[in-house]
Amino acid sequence: MSNPGIQQGELAYWLGVLAAPDEATESVPEHIAGALRVLRCVEDAEDGSLRVTDKGLLALRMADPAAIHHR
């Protein structure tokens, strides 16, 4: 997926923000939310917020520097 409006690492950053419910809720930019929906890393929850899917959680684990494939 190539989008000149999205910087490298930006999707992972916002996915991490959405996955950490304890942190202050930041407003996710719409173009980022749209990209994460297309990738099926998030879905719309019933209350209108974004919910991280299992695929999104897997993507976060794979991006972690401690992941086994990074060794």
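Points worth noting:
- Any hit, the stretch 49-69, residues being assigned to a loop (DSSP other than H, G, I, E, B), modelled with pLDDT of 85 or more and either among the acidic types (D, E) or over 10 Å from the mean Cα position of the chain (by Cα) (or both): yes
- Scanning the stretch 1-44 for residues that are outside any helix (DSSP H, G or I) and at pLDDT 90 or above, we see that the one that is nearest to A63 (Cα to Cα) is C41.
The values are calculated or read from the model by the stated rules, or taken from the named source; none is laboratory data. Source: prediction; values computed, not measured.
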